[in-house]
Structures are given as C-alpha cells and as structure tokens.
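Please read the structure below before turning to the comments.
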Amino acid sequence: MPLPHRAAIAPAMQASDLRVAMFSGNYNYVLDGANQALNMLAGHLLRQGVKLRVYSPTTDTPAFPPTGDLVSVPALPMPGGRGEYKFAWRLPQSIKDDLRAFAPNIVHVSAPEVLGHRAVSWARDNGIATLASLHTRFETYPRYYGIGFLEPTLIRALTRFYNRVDQVVTPGESTAEILRSWGVETPIRIWARGVDHARFNPARRSLEWRRALGIADDQFAVGFLGRLVLEKGLDIFADVCTALRTRGVPHKVLVIGDGPARGWFAERVPDAAFAGFQKGDDLGRAVASMDVLFNPSVTETFGNVTLEAMAAGVPVVAARATGAVDLIEEGINGFLVPPRDVNAYADAIARLIADPALHKAQAAAGHAKARAYEWDAINQVVLDAYLDVLARRGD
C-alpha cells in the first residue's frame, strides 16, 4: 500500500502550540511546596514557548511574585480557622469570558476543590483536554481536626475528581499506587520535584548562625522545616522530643517556619530555637545548619523539605508514608518509621546522635542522591504529558 502523500500527514504539535489554562487554589499568596512547584513549572513552560494563563485566588499581600499572567478568581477566607487560605466557591462568568478569549487547548487543575471541579466541568463542556496534578494528601486532613469519620467520603470524592480528567501527574509512585487503589483509572505519570542545588548544599552550613539562635557547636540540632500546622505531624514531633529528653539524649530542637499552630507547638517544645520563616539563600543556610531533619508528616505527596535536606547533606528521619518512601533508602540516607511510633522515631534520632560515622555516611548518601533531581528535566515531564494527552485525543 502506498504511503499517504506527505502533505496529508499532520505535523506533530510543538510546545509553542500549547495554550495552557492552569487553575490553582493558592498560586502565590502563601509560600508552600505546592505553589512553589507550580511556579517552577510555569517558568519552564514559558521558557519553552508555551502560552500560559494562571487562574487563582489572590491577596494584596502575596508571599512572592507570581510567574506568568495571573488572573484573580473571587474567593473568601477558608473556614475552620485557616483564614490564611482562600476558598473559591465558583467559576464566575468573568473568568469564563477570560477563558474563552484565551482559548486554551488544555486545562491543568492543581487542587480537587470547588474551583478545580468547575474548571474541569468547563473544559469537558467545551471539548478541551484536562490534566490534574496531585500535590497534597487532602484525605488525611480530617484526622488532624477531629473529623476522621469524613475520610472515606473524601476519598470517594477525590476518586471521582481524578477520574474526570484525561491525565493525572503525581509526585511519586507511592501516591500513584494510592490513587489506583481507590479506583482511579485515569492514566498516571510521575512528576517529581527538583531542588536548587546552588541554594541547598552542605557548604551553606553556618555555625555562626546556629550560635545566634543559642545552638552550641557541639549540640545536635533536630530540625523541623515547614508550615506550623497540625497536619504536619506537630503532635508526634513534640512527643518524640519529650521522649528524647526523658531518655537523656542530648539534642537541641531547631524549628524553621511559621504558621497558625506556632503557639501550640512552642508550648510543647519549650526549649526549641525558633528561627521563623526563612526564604531564599537564608533558607538554604538554615537547612544545612540542621543535623537531622525530622519529618513525621503523612500528608506529603513528595516532600520537598526532605529533598532539600538531602541536597544540603542532612540525614532525614521521616514517617514511612508517601513522599518519603520515594526518596529515602532505609539506613542509607535516612530512616523510615511507622507514622505514629514515637519510640521508633526517638530510636532513629538517638542512633544518629550516638554514631557520628553513620551520620556522616547518611549525609553523603543523601547529597549524592539529590543530585539527580533537576527542575528542568522534571518539569519537562508535564509538558510532554500535555502533548501526549492532545495526541491521544486527536486535538
């Protein structure tokens, strides 16, 4: 059979053909791992010639400047004492008009909230491809606020959400496995995270900075890094610190970050050094100045803080949960512990304190592994996923 005439073969779509409408519940008004990842992705897309427009609630006091064109979506403060976050309860006509004028050929939603659902519905109604990225284990949140009975209902809602899109990208295979176990049948790709190696590296360690916080050169700094909110496992962190004190294990707690639960946390770790919110190169210095990162959170899908600590040459003791299990090799660059096993966490930290050679080996192994996580290569996965979705659909 003769080959079709060359002119009849449609040329493959290029990055410059993409018009992406990205929806976020929090693109830049609070600094967290999810919105930093989205902004890094946006920068990569724009450098590759993609046309991008971002739709998100905004504030007059953003945490950092947005990457790309940002359209403000009307929103109210989140109920339940979390007013630092915004809740967009609808997709207003003004946003639909803006979308129509922009004419996207793919809609990317980053959160399974009302705005994300409405964006997916708008895309489906208009025959436009959809991709959802998973950033947070939202189904775990109810257990931290006394409403754990809602978890099965939330899982059913999340399953429906991810089954309504053409493609899902998750930070690691562990989160992909969870989605499949729920019954998500949408194709899934792995979109990991990168790290700024110039910022997060062992050379950033500063004994002078530690001294200014009251941490002696020979003290072992057990670090917490992240927003001070209950779902980060602050209760377990505090209980482990109490266990270490009871055992007489010498250490100093170093807390990097801020948030609504700071007062609650400070009462439970009264001798801790609170460095507050850090950013940029100051954050790199703070992370490298820890001796271990203790991350008991089970809500992470990747765990940017874990990767940053590894890049900085800091061993990690973490919950055996999504995110950490994709990064930590047990006993090689850290320890994985059953999520609420206080004594096992204390054992792991005490072991690193007592064995400087083990600590040094784990620090080097983590730094070496982190070298493979480069932002541009990782973000290209999402761009390629956009193109593949459109090819599958024949758009």
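The values are calculated or read from the model by the stated rules, or taken from the named source; none is laboratory data. Everything numeric here is computed off the predicted structure, so don't read it as measured data. Methodologically, a virtual Cβ is constructed for each residue, glycine included, from the backbone with ideal geometry; neighbour enumeration extends over all protein chains shown. Ligands, DNA and RNA are excluded from the accessible area calculation, which covers all protein heavy atoms including side chains. Shrake-Rupley method; radii C 1.70, N 1.55, O 1.52, S 1.80 Å.
Values computed for the structure shown
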| read-out | value |
| --- | --- |
| Failed condition for Gly49, given (1) touching a helix residue (DSSP H, G or I) at 6+ places or on another chain (Cβ under 9 Å); (2) among the small types (Gly, Ala, Ser); (3) at negative phi | (3) |
| Checking Leu70 against (1) open to solvent by 70 Å² or more (accessible area, probe 1.4 Å); (2) not small (Gly, Ala, Ser); (3) not in a helix (DSSP H, G or I), the condition it does not meet | (1) |
| Condition met for Val255 (in contact with a Cys (Cβ under 6 Å, 6 or more places away or on another chain) and of a type outside the set (Lys, Arg)) | no |
| Residues of the range 372-395 classified as of a type in the set (D, E, K, R) and under 21 Å from the mean Cα position of the chain (by Cα), total | 3 |
| Residue identified as under 23 Å from the mean Cα position of the chain (by Cα), surrounded by fewer than 24 Cβ atoms within 10 Å (Cβ to Cβ) and farther than 29 Å from Glu177 by Cβ among Pro250, Pro260 | Pro260 |
| Which numbered condition Ala129 fails, given (1) closer than 14 Å to Leu52 by Cα; (2) in contact (Cβ under 8 Å) with a residue 40 or more places away in the chain | (1) |
| Hits in the range 97-117 (condition: part of a loop (DSSP other than H, G, I, E, B), in contact with a strand residue (DSSP E or B) (Cβ under 7 Å, 6 or more places away or on another chain) and on the phi < 0 side of the Ramachandran plot) | Pro104, Asn105, Ser110 |
| Residues located in the range 125-177, provided they are modelled with pLDDT of 95 or more, among the acidic types (Asp, Glu) and open to solvent by less than 60 Å² (accessible area, probe 1.4 Å) | Asp166 |
